[in-house]
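The values are calculated or read from the model by the stated rules, or taken from the named source; none is laboratory data. From a predicted model like this one, the values you see are computed outputs, not experimental measurements. Here the Cβ positions follow ideal geometry from the backbone for every residue, glycine too, while neighbour counts run over all protein chains shown. Surface accessibility is based on the protein's heavy atoms, side chains included, excluding ligands, DNA and RNA. Shrake-Rupley method; radii C 1.70, N 1.55, O 1.52, S 1.80 Å.
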Amino acid sequence: MVSEISEQLVGYLGPEGSFTQQAALQLFPAHQQGVRLVPISDIPLLFDQVATNAVQISIVPIRNSTNGYVQPTIDQLNKQSGSNKLIICGETSVKVSHCLAGKRKEETQQNPPTSKEYNFQHIKTLKTHPQAWTQCQRFLEQALPHTERQQADSTSQAAFEVSQDSLGISAAICSELAAKRWGLDILANNIQDDPDNETYFVVIRQRHGKVLVEPVGAVPLTESTSLLPVDLLTPNKLLDSS
Ligand SMILES: O=C(O)C(=O)Cc1ccccc1
């Protein structure tokens, strides 16, 4: 008996509140019937899950306007290119505005916060996806130059981890959506160096896989428009605009 897929599963770099979820929602709006967005914990797993048909599509970050290619994605593209099983069927982009999110320091009558500046002295550890450090370099050098940095698999994973910190001494660099989703206070917003900071995402699926619902507004991949490294655009490699 052949089992028909009644619901299309679309993986994105989770948990909820990531920039990749914003890209996934752009491509598969929330009200769309027959599609379910599934948070997946890291980039290699997003590729594996498509390759095994555990999800039919994955959305992965590939490049940022400030600091270039997302290396784990490039590594996976190179790894998968030999098998010819997966293709990239479109691209999209999201404007990326980061905030610093954590627990606000208790305010006392004697120590009210000044109007715009919050005191970050209680923040001992910063967490985020590696791409975000260099997108927020100026702010971090000025406001938190000596704070310990810990890497997370995504910006929203960093927000989730900070939400579990009962001492309130860590902070995440993430979207405002992630801060809200995981119950954090926004300690500073728009902390990225470039106000036009933007990240590009690609849509991955199996070359011969069944896709019930096509992504909305995805830019098709062509040699002239693609954001991908040229050596990955050669025929018979992973990429295909068809
Ligand atoms: O999707 C996310 O939240 C990520 O962690 C990847 C990322 C990191 C920095 C900017 C945009 C996307």
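Residue pairs, Cβ under 7 Å, 6 or more apart or interchain, first in the range 49-75 and in a helix (DSSP H, G or I), second of a type in the set (D, E, K, R) and buried (at least 18 other Cβ atoms within 10 Å of the Cβ). List them.
Here the result reads 50/205, each pair linking the range 49-75 to a residue that is of a type in the set (D, E, K, R) and buried (at least 18 other Cβ atoms within 10 Å of the Cβ).
Got at least one residue in the range 126-138 being open to solvent by 10 Å² or more (accessible area, probe 1.4 Å), away from the ligand (no atom under 15 Å from the Cβ), modelled with pLDDT of 95 or more and under 17 Å from residue 193 (Cα atoms)?
Narrowing the range 126-138 to residues open to solvent by 10 Å² or more (accessible area, probe 1.4 Å): 127, 129-131, 133-134, 137-138.
Narrowing further to those that are away from the ligand (no atom under 15 Å from the Cβ): 138.
Subsequent filtering for residues that are modelled with pLDDT of 95 or more retains 138.
Pick out the ones that are also under 17 Å from residue 193 (Cα atoms) and you get 138.
Yes, the conditions are met somewhere in the range 126-138.
For the range 141-152, name all the residues that are open to solvent by less than 30 Å² (accessible area, probe 1.4 Å) and within 22 Å of residue 17 (Cα to Cα). Break it down stepwise before answering.
From the range 141-152, those open to solvent by less than 30 Å² (accessible area, probe 1.4 Å) are 144, 147, 152; that's our starting set.
Result: 152, single match.
Could you pull out the residue among 92, 52 that is among the hydroxyl-bearing types (Ser, Thr, Tyr) and more than 26 Å from residue 131 (Cα to Cα)?
Residue meeting the stated conditions: 52.
Residues checked against (1) among the β-branched types (Val, Ile, Thr); (2) more than 27 Å from residue 10 (Cα to Cα); (3) modelled with pLDDT of 55 or more; (4) within 20 Å of the chain's Cα centre (by Cα):
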| residue | (1), (2), (3), (4) |
| --- | --- |
| 187 | no, yes, yes, no |
| 192 | no, yes, yes, yes |
| 213 | yes, no, yes, no |
| 233 | no, no, no, no |
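Would you point out which residue out of 29, 44, 15, 39 is at pLDDT 95 or above, away from the ligand (no atom under 13 Å from the Cβ) and either more than 10 Å from the chain's Cα centre (by Cα) or open to solvent by less than 50 Å² (accessible area, probe 1.4 Å) (or both)? Don't jump to the end; show me each part of the working.
Numbers: 29 fails: at pLDDT 95 or above; 15 fails: away from the ligand (no atom under 13 Å from the Cβ); 39 fails: away from the ligand (no atom under 13 Å from the Cβ).
Checking each option against the conditions leaves just 44.
Among the residues of the range 92-102, is there at least one that is at pLDDT below 90 and not in a helix (DSSP H, G or I)? Give the derivation first.
Step one: list which residues in the range 92-102 are at pLDDT below 90, which gives none.
No, the range 92-102 contains no residue that is at pLDDT below 90 and not in a helix (DSSP H, G or I).
Go through the range 150-170 and give me each residue that's within 16 Å of the ligand (Cβ to nearest atom) and not polar (S, T, N, Q).
Taking the range 150-170 as the starting set, the residues that turn out to be within 16 Å of the ligand (Cβ to nearest atom) are 150-163.
152, 153, 158, 159, 160, 161, 162, listed by residue number.
For the range 162-177, which residues satisfy the criterion of being within 24 Å of residue 12 (Cα to Cα) and open to solvent by 60 Å² or more (accessible area, probe 1.4 Å)? Break it down stepwise before answering.
Residues of the range 162-177 within 24 Å of residue 12 (Cα to Cα): 162-164, 171-177.
Listed by number, the residues that qualify are 164, 176, 177.
Is it the case that some residue within the range 199-206 is at pLDDT 90 or above, open to solvent by 60 Å² or more (accessible area, probe 1.4 Å) and not polar (S, T, N, Q)?
Of the residues in the range 199-206, the ones at pLDDT 90 or above are 199-206.
Within this subset, residues satisfying the condition of being open to solvent by 60 Å² or more (accessible area, probe 1.4 Å) are none.
No, because not a single residue in the range 199-206 is at pLDDT 90 or above, open to solvent by 60 Å² or more (accessible area, probe 1.4 Å) and not polar (S, T, N, Q).
Condition first: open to solvent by less than 60 Å² (accessible area, probe 1.4 Å) and either in contact with a Leu (Cβ under 7 Å, 6 or more places away or on another chain) or β-branched (Val, Ile, Thr) (or both). Now tell me which residues in the range 48-65 satisfy that.
50, 51, 55, 56, 57, 58, 59, 60, 61, 62
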